[in-house]
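The values are calculated or read from the model by the stated rules, or taken from the named source; none is laboratory data. The structure displayed is predicted, hence computed values, not measured ones. Reconstructed Cβ throughout: ideal geometry from the backbone, glycine too, with neighbour counts over all protein chains shown. For accessibility, only protein heavy atoms count, side chains too; no ligands or nucleic acids. Shrake-Rupley method; radii C 1.70, N 1.55, O 1.52, S 1.80 Å.
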Amino acid sequence: MIISPPFVRPRNAGESDPSWVNRMMPVDINRDFPLNRHASWHGGVHVLHTDRREEGYDRIEFVRAIADGEVVSFRSPSSTDKRDAFPLNYDGRTNDGYVLLKHQTDIGENCSVVYYSLYMHLMDRLDPSIRAGARVWRKDRIGQSGTVDNVNAFHFEVFCDNENMLKLTGRTTPELDITRDGRTDTVYGDIHFYLPSGTQFYDHVPDASSPVTDHLNFVHTSTEPLYVSMTFEKGDCTMVTRRQSATAAALFDSVGEPLVNTDAVADDEIPYEYSLYRTARRLYPQNPSAGFELLRFGRVISTGHETLTPADATLWRTVSFPGGTGMVNLASPDIKKFSDADFPHWTGWGIVDDDTDNNSQCNSPLIAALQESGRLSDPSSRLVCHFPVEWNAATFDPRYAWLRTGSDDVPAMSDEDYARLKSHASALCFDTGELGTGRMWHFHPTAFIAHFRKCCWLSKSELKQLVPRNLLRMAGRNDYRWEAITYRDGAGSVADNIRTHINRAMQKYLITTPLRIACFLGNGIQETGWLGSMEEGYRYTETDPRTRQVIRRYNIWYYPWYGRGLLQLTNPENYFNYFSFRGRTCPENIRNALINEYRRLYAHRPLRYTDNHLSDTENHVPENIIRWRNNVSSDLYEAASSAGFYWVSMSMAPYADAEHVLERCSVTPRRSGIKIYYRSQAFWQASAAVNLPGQIDNEHYQGLNGFDTRCCVYGSAIAVLTEQKFPDSHNNPVNEKPESDQLRKG
């Protein structure tokens, strides 16, 4: 799922993603979620807006689609005369334009979801692309924010049906089931641990790989359940502990201060996350790959491919408790593991389905308890509430008849006033069609968007959009060709079959931000010929340039250790390092002989074809090693897993996490006119890290194979995955998409 706010403005320096999302959506406190000022259900929020005339803002700012979707229905805004007159002008001038979008995407393996976004009170005119059944794309213009009761704002809501609620959150119960581990079909965002009462905290653990606690000094035994959250971000790892609040059962309070990189190796000077690969090799030498999952998720997720060795391997982490800190083995089976995909209730997520009537009053005991505690505002943005959609005219009377008798908070309404209100509401309602007349699950839009921006699981359509329409190929020095790309992702294709494995690998190896994904797939998509083959072309035919007769056919000099996989492992050393990471044992004499021979040939170019001793036969390479090597291309799990290994082993993440300052590059390919592509120092360094580590700081080195082509993928990825704008010919970041018509849609 790729998602963004309905307004897209530049970030401030150092601004976090959740803070940016919140700044894009300032909410009218009188029209908040889930209750309005009359304490009735309110399915969304009113997003305040004023057109601004300053740098970074469009003169007229447009409301934009939050994700790829389809137009279910819409209404063009009425004229200003109608806006200013009753029934639209009931409590002030109100615009009636709206767009309802249906979004279908993926959040995990075999986890396709459908949800809706509604943009109400739009003014002036809708974008010409808005028509029934039309496809829209994330960040596309929809219309302009209008007025509600004389306030510059538009109503915005996100909702889904019961079936998709179960897929999106994993439950419809108020709290998460803490008797078992969380979901594995979708795992993303922060990792969470439930520590039952009686959990032991220890002072010091001299052997971080041992589960034995007989000789350890314990400093605390918990007397209440504790909830620990582990956040990875730009190299850092932050541990936060919570416990249930004494003021309200639905609230949880922090325990101690957040612990940042507390368990990083003291003399390493590398943040905890950036050193996970080395930590996995150090603590779990029998299978570092499974150990990496333990460090990343608190458990092994890929149980069909990875086996933790030993089975009781530990995850000792420093955790806060009331009054201090201590070390806990989070891998213990008594401690249950979850992720943000489980919507943990201790992080504020609450499922509200205890209002049994179908009127617009909020009669939820859970919300009433929060109101009585005076802390409803604490978790309100993370409540997911089940009540009817307010835009169906046919259900107006069942939902609002209570206004005639009033309530403790609202005085009884006269028949005349009720009729006026009904006329106003009916003027704003629309045919809800397939949504019917029943109840829907409503999310706070800001919380929904901020939450699912951490998912980054690419659907088939989203992955396809990363592949540009054309490639830029360098045929010779200053000789460029502009060539169309054929992308095949039909059923049974490599691209279709590997997508789940790519997503799984990106979640495992923390390639979970738009910029990291752009760097990872900017290389992988190009190296595999647009996800067409997981093997490098290793057979070559030399022909006479004049007669075109074949002179000889030959394999590349490092055959059979040529490139395989999504980030094409090449040369014996990389292969053997990968085998070791996967917990596979290889004879040292064979390993050393092949690595030394490759190094000798790499250093002496004239010997590569005349004195080459890399063959399997000559080195007595066992059948199992040959099979492992071949599987890196033939087994798509291995193809993606090896790329993730390469990402962490070559430390690509720190380069991808740097600021991406886009550089507009102009070239004139033969018979194609001027073409534009984009590069950045961050992308260059991430690319060089896995291709030419010795050239990382040489940004203008020309020897990285196909870097210009990789940049074509990178530009599409920046456009599809991020909100970053592209520089124009004057180097001003004002363009919303790459030039040269590179984006692939459909």
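One residue is enough: does the range 208-231 have a residue meeting the conditions open to solvent by less than 10 Å² (accessible area, probe 1.4 Å), assigned to a loop (DSSP other than H, G, I, E, B) and in contact with a helix residue (DSSP H, G or I) (Cβ under 9 Å, 6 or more places away or on another chain)? No, every residue in the range 208-231 fails to be open to solvent by less than 10 Å² (accessible area, probe 1.4 Å), assigned to a loop (DSSP other than H, G, I, E, B) and in contact with a helix residue (DSSP H, G or I) (Cβ under 9 Å, 6 or more places away or on another chain).
Only one of these is under 25 Å from residue 565 (Cβ atoms) and touching a Lys or Arg at 6+ places or on another chain (Cβ under 7 Å): 711, 665. Name it. Spell out the reasoning first.
Values: 665 fails: under 25 Å from residue 565 (Cβ atoms).
The unique qualifying residue is 711.
Restricting 97, 69, 92 to those that are closer than 30 Å to residue 301 by Cβ and touching a Ser or Thr at 6+ places or on another chain (Cβ under 9 Å) reduces the list to 69.
Within the range 108-164, the residues that satisfy the criterion of being open to solvent by less than 50 Å² (accessible area, probe 1.4 Å), under 20 Å from residue 80 (Cβ atoms) and among the polar types (S, T, N, Q) are 144, 145, 147.
The set of residues from the range 284-303 being touching a helix residue (DSSP H, G or I) at 6+ places or on another chain (Cβ under 9 Å) and farther than 27 Å from residue 186 by Cβ comprises just one member, 285. Being open to solvent by 10 Å² or more (accessible area, probe 1.4 Å), in a loop (DSSP other than H, G, I, E, B) and at pLDDT below 95 is a condition met by at least one residue of the range 332-348.
Taking residues in the range 602-625 that are free of Cβ contacts under 8 Å to residues at least 40 places away in the same chain, and partners anywhere that are in a helix (DSSP H, G or I) and open to solvent by 60 Å² or more (accessible area, probe 1.4 Å), the pairs with Cβ atoms closer than 9 Å and at least 6 places apart or on different chains are 607/600; 611/600; 613/600.
Here residue 246 clears all of (1) out of contact with any Cys (no Cβ under 8 Å at 6 or more places or on another chain); (2) buried (at least 17 other Cβ atoms within 10 Å of the Cβ); (3) over 30 Å from residue 94 (Cβ atoms) except the condition numbered (2).
Quick one: in the range 537-591, of everything that is part of a loop (DSSP other than H, G, I, E, B), out of contact with any Gly (no Cβ under 9 Å at 6 or more places or on another chain) and β-branched (Val, Ile, Thr), which residue is least open to solvent (accessible area, probe 1.4 Å)? Per the stated criteria, the residue is 547.
Do any helices (runs of 4 or more DSSP H) lying entirely in the range 350-435 carry at least 1 residues that are open to solvent by less than 70 Å² (accessible area, probe 1.4 Å), touching a residue at least 40 places away in the same chain (Cβ under 8 Å) and farther than 28 Å from residue 154 by Cβ, and which ones are they? Explain how you work it out, then say what you get.
Details: elements: 365-373, 396-400, 415-428.
Hits in the range 350-435: 365-373.
Cβ-Cβ distances below 7 Å connect the following pairs, each with a first residue in the range 710-721 that is in contact (Cβ under 8 Å) with a residue 24 or more places away in the chain and under 14 Å from residue 745 (Cα atoms), a second residue that is acidic (Asp, Glu) and assigned to a helix (DSSP H, G or I), and a separation of six or more residues or different chains: 720/462.
Taking the stated definitions as given, is residue 509 over 28 Å from residue 594 (Cα atoms) and open to solvent by less than 20 Å² (accessible area, probe 1.4 Å)? Yes, satisfied. At least 2 residues being modelled with pLDDT under 95 and open to solvent by less than 20 Å² (accessible area, probe 1.4 Å) is the threshold, and among the helices (runs of 4 or more DSSP H) wholly inside the range 635-717 those reaching it are 681-691. Here the range 592-634 is the region considered, the condition is being among the polar types (S, T, N, Q) and open to solvent by less than 80 Å² (accessible area, probe 1.4 Å), and the residue that is nearest to residue 294 (Cα to Cα) is 631. The residue pairs whose first member lies in the range 188-206 and is at positive phi and open to solvent by 20 Å² or more (accessible area, probe 1.4 Å), whose second member is outside any loop (DSSP other than H, G, I, E, B) and of a type in the set (Val, Ile, Thr), and whose beta carbons are closer than 7 Å, counting only pairs six or more residues apart or on different chains, are 198/221.
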